[in-house]
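The values are calculated or read from the model by the stated rules, or taken from the named source; none is laboratory data. These figures come from a predicted structure and were not determined experimentally. Here the Cβ positions follow ideal geometry from the backbone for every residue, glycine too, while neighbour counts run over all protein chains shown.
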Amino acid sequence: MTMTQRTTMTRRTTGPARLSSGLARIARRVADVVAECDYAQRRSFAIMTNPDSYVIDRDQAPDTYAEFLFRTSGGLLEEPASAQRAHGRFPA
């Protein structure tokens, strides 16, 4: 056997191996889409239920400490770490 024949033989993949790698790639993409939809749903729920969204003068500072506590009583979104933001991952 020559060198080119050996490298050709080692690079060949069988039908089932190609099929399984293709299915794994598709499954990874589907999982990424589901994770992104989950993140968007959680974010929109947090924004919709945030009491500060329904205040008339939300660009003004709160007048009292009680109003401040009410405005900040909604769920807070955690910012992802910089390493996760750099790779396009969403917070859990």
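For the stretch 11-56, enumerate the residues that are over 27 Å from F68 (Cα atoms) and of a type in the set (S, T, Y).
Residues satisfying the conditions are T13, T14, S20, S21, Y39.
Checking V55 against (1) among the hydrophobic types (A, V, I, L, M, F, W, C); (2) within 23 Å of S73 (Cβ to Cβ); (3) at pLDDT 85 or above, only one condition comes out false. Which one?
Evaluating V55 over (1) among the hydrophobic types (A, V, I, L, M, F, W, C); (2) within 23 Å of S73 (Cβ to Cβ); (3) at pLDDT 85 or above leaves (3) as the failure.
Confirm whether Y39 is surrounded by 13 or more Cβ atoms within 10 Å (Cβ to Cβ) and at pLDDT 85 or above.
Yes, satisfied.
What single numbered condition from (1) in contact with a helix residue (DSSP H, G or I) (Cβ under 9 Å, 6 or more places away or on another chain); (2) modelled with pLDDT of 75 or more fails to hold for F68?
Here F68 clears every test but (1).
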